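Below is one structure, written out as structure tokens, with a few remarks after it.
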Amino acid sequence: MNLMQKLKLTAELDQIANDVATGTLGILDYIQKVKRIDEIIAELTAQPAVDGANTSLLELVQKHTEIAVRLRPQFDFERSVKDYAVSIKDQTKTNELLHELRRTQLKGSDASFLRDQLEMDLNYGVYINKHPDGMRIGKYLLPGSPVWAFIEWAYAERRLIVGPKALDIASDEDMYPANDQPLPDAQEQNAQANAEFEDEAQPDLVDSPADEAGAFYQSVIEGAEVDAALIQRAIEYAEQDESHYLLPEASKVIANTVITALN
């Protein structure tokens, strides 16, 4: 099922649920609509046969030239590295990653180890830029590094905030997800870090990922009230661009919200 079909089914489900809630349907209409609700929910919650259709982080970066990413507040960097190692069950690849994270000569960085720089970047938010051979972060993480497999895994596991909001730090708590207390002068450090990221990204900037549809999808992801008008607006945006990188997550939130309201 493509995303457009999913959104249209969600709109139909919302409408039928409202019809049923009025309590004015005849018995036959009521039975038919309840049956249709079950059918739509089954379609929306069915697991896809092939997972490979999902867009990879590399594909997003290649399409948009640059993408901002940040670890979601609930995920700690070190814990994520360990979870990745457990998930791949490949000691050779794990050793390669750990060896790379201990690398000390980093171009354009004052960090002692790549591990320190990457943890800071993923906690604060950083641009991943397009590179002729794949992706890069600044001058210190280039294509071919085993770290990219870890970052792609974190993206696939939905551990990353992706898009313009990745650099919008709402609070100190959100800024430092691995700590109970924020570091001193957090706002000043964040502003400086973001300015450096912007300077680094400008030479390669072709298309800013910040756009009207993206802002709308992000509001849905962050908890905007889902009603018939919002669903219709989502369908309109999706009709204009079915490949938008925030559409899959937004459509899932919309469907889940409507389904949850019925339970």
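The values are calculated or read from the model by the stated rules, or taken from the named source; none is laboratory data. What you see is a predicted model, and the numbers here were worked out from it, not measured in a lab. Positions of Cβ are generated from backbone atoms using ideal geometry, with glycine treated the same way; all protein chains shown enter the neighbour counts. Quick note on the areas: whole protein, heavy atoms, side chains included, nothing else; ligands and nucleic acids left out. Shrake-Rupley method; radii C 1.70, N 1.55, O 1.52, S 1.80 Å.
So, in region 132-141, of the ones that are surrounded by fewer than 16 Cβ atoms within 10 Å (Cβ to Cβ) and not charged (D, E, K, R), which residue ends up modelled with the lowest pLDDT?
Here the answer is Pro132.
So, in region 253-263, how many residues would count as being part of a helix (DSSP H, G or I) and surrounded by fewer than 17 Cβ atoms within 10 Å (Cβ to Cβ)?
The total comes to 4.
Out of (1) of a type in the set (S, T, N, Q); (2) at pLDDT 85 or above; (3) loosely packed, with under 11 Cβ neighbours inside 10 Å, the odd one out for Gln47 is which?
Result: Gln47 passes all but (2).
Could you check region 61-87 and list, in sequence order, the residues that are assigned to a helix (DSSP H, G or I), open to solvent by 50 Å² or more (accessible area, probe 1.4 Å) and in contact (Cβ under 8 Å) with a residue 24 or more places away in the chain?
Correct list: Gln62, Lys63, Glu78, Ser87.
I'm trying to understand the selection: among the residues of region 95-114, which are modelled with pLDDT of 85 or more and open to solvent by less than 50 Å² (accessible area, probe 1.4 Å)?
Result: Leu97, Glu100, Leu101, Leu114.
Is region 14-27 home to any residue that is open to solvent by 30 Å² or more (accessible area, probe 1.4 Å), in contact with an Asp or Glu (Cβ under 7 Å, 6 or more places away or on another chain) and either among the aliphatic types (A, V, I, L, M) or under 17 Å from Arg158 (Cβ atoms) (or both)?
Yes.
List every residue pair whose Cβ atoms sit under 9 Å apart, with the two residues 6 or more apart in sequence or on different chains, where the first one lies in region 129-152 and is on the phi > 0 side of the Ramachandran plot and touching a residue at least 40 places away in the same chain (Cβ under 8 Å) and the second, anywhere, is in a strand (DSSP E or B) and open to solvent by less than 30 Å² (accessible area, probe 1.4 Å).
Gly138/Val126; Gly138/Tyr127; Gly138/Asn129
When you check Leu122 against the structure, is it part of a helix (DSSP H, G or I), touching a residue at least 12 places away in the same chain (Cβ under 8 Å) and under 13 Å from Ser145 (Cβ atoms), yes or no?
no
Which of (1) open to solvent by 90 Å² or more (accessible area, probe 1.4 Å); (2) farther than 30 Å from Ala228 by Cβ; (3) hydroxyl-bearing (Ser, Thr, Tyr) does Tyr30 not meet, given it meets every other one?
Checking Tyr30 against (1) open to solvent by 90 Å² or more (accessible area, probe 1.4 Å); (2) farther than 30 Å from Ala228 by Cβ; (3) hydroxyl-bearing (Ser, Thr, Tyr), the one that fails is (2).
I'd like the residue in region 236-248 that is open to solvent by 10 Å² or more (accessible area, probe 1.4 Å) and in contact (Cβ under 8 Å) with a residue 60 or more places away in the chain and, out of all such residues, is farthest from the chain's Cα centre (by Cα).
Among residues in region 236-248 that are open to solvent by 10 Å² or more (accessible area, probe 1.4 Å) and in contact (Cβ under 8 Å) with a residue 60 or more places away in the chain, the one farthest from the chain's Cα centre (by Cα) is Glu239.
Report, by residue number, each residue of region 143-174 that is modelled with pLDDT of 90 or more and among the hydrophobic types (A, V, I, L, M, F, W, C).
Val147, Trp148, Ala149, Phe150, Ile151, Trp153, Ala154
Within region 14-44, restricting attention to residues that are among the small types (Gly, Ala, Ser) and assigned to a helix (DSSP H, G or I), which residue is farthest from Thr257 (Cα to Cα)?
Ala21
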